[in-house]
1. Please give, to one decimal in nm, the separation of the simple spin-label points placed at B:ASP15 and B:ALA479, each 7 Å out from Cα toward the Cβ.
2. Per residue of C:184-197, what is the mean number of Cβ atoms on other protein chains within 10 angstrom of that residue's Cβ?
3. Of all beta bridges DSSP finds with both residues in chain B, what is the antiparallel percent, to the nearest 5?
4. Simple spin-label model, 7 Å along Cα-to-Cβ: C:VAL46 to B:ASP420 in nm?
5. Order of A:ILE158, B:ILE206 from fewest to most other C-beta atoms within 10 Å?
6. I'd like the distance between the alpha-carbon centres of the range B:1-41 and the range B:185-256, rounded to an integer number of Å.
7. Work out the FRET efficiency for A:LEU137 and A:ILE240 from their Cβ-Cβ distance, taking R0 = 41 Å, and round it to the nearest 0.05.
8. Only bridges with both residues in the protein assembly as shown count here: give the DSSP antiparallel percent, nearest 5.
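What follows draws every value from the coordinates through simple rules; no lab data is involved. All of these numbers come straight from a predicted model, not from anything done at the bench. FYI the Cβ positions are ideal-geometry reconstructions off the backbone, even for glycines, and counts take in every protein chain you see.
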Amino acid sequence: MWFLLRRVLVSLVVLLGISLVVFLMLNLISDSPGRAALGQQASQAAVDAFNREHGYDRPVLIQYVDYLLQLLRGDLGRSYKLNEEVGTLLLQNAPRSAMLSLAGLVLALVIAIPLGILQAVRRGRFIDRAATSISYLLYATPSFLIALVLIGIFSQTIPLFPAEASQSSSPWVVFTDPRSMALPLITLAITNVVVFAQYQRSAALEQLGMDYIRVARAKGASERIVLTRHLLRNAITPIITLVGVLIPTLLAGNLIVEAVFNYPGLGLLFLNSLHREDYPVLLAYTLIGGALTVIGNLVADLVVARADRRIELGR
Amino acid sequence: MLTIRDLSVEITHGDRIVRPVTGVDLELHRGETLGIVGETGSGKSMTGLAVMGMLPGGGRVVSGSIDFDGTELVGLGDAAYRRIRGNDISMVFQDSMTSLNPTRSVGDQVAEPLQLHRGMSLRAARRSAAEMLALVGIPRPQERMGDFPHQLSGGMRQRVMIAMALICEPRVLIADEPTTALDVTIQAEILELLGELKQQLGMAMILVTHDMGVVVRHADRVGVMYGGRLVETGRTADLFRSTRHQYTHALLASIPTLAQDKDVELFSIPGSPPDPADPQIGCRFAPRCAAATERCRTETPRPVAGPGEGHLFACWNPVDERQATREVRRFDASGIASSETDAQPVRLSVVDLRKEHPVSAKGVFGRRRSVKAVAGVSFEVRAGEAFGLVGESGCGKSSLGRMLVALDAPTSGEVLLDGDRVSGLSPRRLGSRRAKLQMMFQDSHASLDPKMRIDAILCEPMIIQGIGTAEERAERARALLAGVGLGASILERYPHELSGGQRQRIGLARALALDPDVLVADEPVSALDVSIRSQVLNLMRGIQRERGLSSVVISHDLAVVRYLVDRVGVMYLGALVEVGATDEVYTRPAHPYTAGLLAAVPVADPDLADTPVDRVHGELPSPLDPPSGCRFRTRCPLATDLCARVEPVLEDVGDDHAVACHFPLQPKLRETTTAEALTAGEAR
Amino acid sequence: MSTARAEVAAEELPSLATRNPISRSAVLRSLWRSRTGRTGAVLLVVLVLFCYLGPLIHPTNQTDVDLLNAALPPGDGFPLGTDSNGFDVLGRLMQGGQVSLQIGLLAAVFATTLGTIYGAVAGLVGGVVDGIMMRVVDVLLSIPFLFFVLIIAARFTATPLTLSLVIGGFSWLVAARLIRGEVLSLRVREFVSAARLMGASNRRLIFSHLIPNTFGVIIVNLTFQVADSIIVLAALGYLGFGLSYPVTDWGSQLSSGVSFLAADYWWLIYPVGGFIVLTVLALNLLGDALRDAIEHRSP
């Protein structure tokens, strides 16, 4: 109980830290909001007036505190470029991104976990060596390159899937229009499987070398029972914790995939905001990303702690 | 029941071929216990694994046969072997922590063999498992069924392993070092349990171990293995009384016993056990054998019958009656003899030392629990005296050791060197006294920087303390090496190139580099093979006498401590329960725990094997929550109400013999009344 | 000296000739023996030679725009065709390769150096200082890497130096965590206790004991960092935040090449992509083999 509280407290501190860092960073490197809102053509006087009016000429730290208070009210700021509340923008795009991420993740896990275990059990044999070589190759390929190659083969040479993802506003498009989402999903899956499978392989190998596996065999259990009843549960735990920690990478992966396939999600929003220098959006986006990471780490920590706790009690 | 003939095992690692077992002949009869004894690389474990058909990857039986009640096991198909494993032949392994699945309950794991071999349902199997847990002596078995391995203590886990192995009532049980990782008192209980169960279930048992004392008490017949070969086998009594093979003889002679004469050097076997990867020509023991001849080096000895039924040995120059009374070498008379130390000044003084470790701070907001590792220990060590600290795991001796050399600061209390405080000081305040307190570590592998050469390791203390020029330091390094019996060629080597015994000597040499007044040796030989231990022990004893060093030897091995020290303190759960002259404490123990410890130590003497043992029962309480009053009361047969209320203090029972007990086994010099005991207890 | 010791002094040191001392050459030797190590090392050497010696063998004009010869497929005079500005693609690959490798290396060195020092200090000092230092790392790590990099890159003009700093400036976090972990586990090793017993100062502990024992981890980390940096660089280039003309790196080349995806000018896309993949692959193989070699060496 206390443990939970302490971790949450630390997470909050970290979140605060993130907000401070990002806020300061953006503040330092970006144009003043006045300039951003009125454009490059506007006169300096107009920009200054704008800034004064909206309080953008006060000391940075005071603006930061203001921002925090604003956040607590649930207000994520306003995008002047798009003339929309940031919160609304994010909410519009979030479900689509989340769906894509989730689908890609599930697909990857469904392939990677059995593959990793299979590789561990058949270590050194053909399937292991082949899978490892391929994953080495794929791991060295940037995700956008994978996407481009896929487009090249399955969209141009063999016109099977469209090169652009569905532009529909519905997040369920992954299921309703699988053809248009196929390539983005495959790209995401490939980039994830490569990492997950190798990870699962070494986790499974580590468990296979453990004494209790030997003991299970000494009881007369067949290989199948050894794998399912003994190995499985112990080999999968590491990768579950890994998934929790990998959420930020998934989001970034999304960014590239969304860019390549022009999928209207958070990632594309971020990129466009970057080009447009729409800083309120960038700020809110990074903050959300950070928050998700922190939450992901917290959950992973809790899972690990629960297992550790049992060890602590046992001592 | 089980007949092994000419068994040879090979393991292929890439292009390297290793032969851990060569030409072994063994027999196991119904209802008997066969002990297989050997050191590292002897092939004893591999033999057991071969019987189970569980050789490691790349391993296979290349020749020989294993006949199990008419069935040939070598070359048996997988499915048939699986039916036998866990069912007709079972195995118990050494490390119970890693041998149990951490994510399945204990009950399920014990029940599993029944599901596999008897086709029972999970529920029915679980019922039988609970009964089995009771049979192996686990209290409240029904509650333990749902526990996970890490929630149980080492002794409990080993019982679970035994339950798992025996639940299908196999005809043969192979126990591979079943008690090596356990405390001496628990070890005795587990071994007795195995003996009882063996009789109850009418099994035959193979007991694989490196400890000669264990086989004496628990095995009917013994096979001694060395370098992958069986060198001698026969009935236990015959083997010990009429030893024929030189190795067996040397091994028995080199083990310090509880009755060891301190002024005599231990019989020492030079060199180390052979590497299984080396090709074998002739007798594998020849390089280390004092009686080796040319024939031994070129021709592999063939088994010959000796006195006694079924007694076989393979040696060209066996032990004869003359040699049986080995020559005795006494230590030089120079240096301070143990009898003179009383007149010497007190060098090291420990006053009410306490050490508490807070339990891992994984967010403990509420109760701040701490492990009370050392709870108020006081004693003195005089100049030139060797003091021993014995105890089992969790007694706090290692924590105490670190505080003695000012490596850790005590929570309260003091350590005084020549009257000056050395505990809890900053390195600067400690100053030149730092050099006077040195330590020899248990694990030489971890205590020598793997990236440093030996000459750098030996010179480092002198460099740090700014002693001498580079030449003088090099000279001193060479002298130190010679002092521990090593040649100067070692200077250019790295630690991983040396054997365990050599590394341990380097550790000792380094500790002596600064010419300390006090040397603390923490488990100096526990990590070494049995045949090498005596080398290091002789060395330590010799050096201690020569230099008049005050030394503190910390060990769980009572025989080692007996051999090395003049006075000894017995620790239990952080408290010193008995202290006094070694001879006194060992022959007339006053504390029930000491008596139980001494009784539990396996002694390699068949004549003592049958004496009834007054053992210590039960499990070690958690150091987080030691029992109130006398810490030992939960396991003491003499415990009363008083013991629960008042913690006893050290009181004299002899000239140099004190004990902390309300009902000591030796009468107190001054009888304290209950009232006095109460006030003394409250003062703590 | 007692007789026992005289006996023992004559003891042989068996099979010492067969054991190799720990040294750099030993590590390199076991590296060579592993197939991954060999492949990685050879591949890397070939690529580096290609980038730096290639222009000497196949000199091309990389500065003057030649629109007459723009976007030609592979043919006479142009082994891999030309790009939209008329530059020889093969020559461009060499040029871009030099820049990519330089940036990758610089970023990795920067990241590893900063990360090692930071992590070592945090690990050794411990206590509150360590807690604060690691919280800072946690905060920075929680922000998705790419976001950070992109924000910075979007603002500043991209030169090889700034890109190296930006990429390295955020990669050091992982190295810091790694080194801190190593230092923490080394700190409680007995040889550190032994050194303290001799009176060793913290400075001596760090330089004589801790750093030599973490050296292997540092080198492995460096190798992987170079690989990661090159990938990030490529992504930056692809997304349009890479180097601007005429300086070029593989990422930017890929970016401009992609705009011709529909026109099927494959020679502007796949060769560049291939080189990126091969370089990163070589580095990863090398890193893995190094890691294995070092782990087997240390006890």
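1. Simple spin-label model gives 4.9 nm for this pair.
2. 6
3. Working: 58 of 95 bridges.
Bridges in chain B are about 60 percent antiparallel.
4. Placing both labels 7 Å beyond Cα along the Cβ direction yields 6.9 nm.
5. Details: A:ILE158 9, B:ILE206 26.
In order of increasing Cβ crowding within 10 Å: A:ILE158, B:ILE206.
6. So the two Cα centres are separated by 15 Å.
7. Working: r = 27 Å, r/R0 = 0.66.
Efficiency, rounded to the nearest 0.05: 0.95.
8. On the way: 62 of 99 bridges.
If we restrict to bridges inside the protein assembly as shown, about 65 percent are antiparallel.
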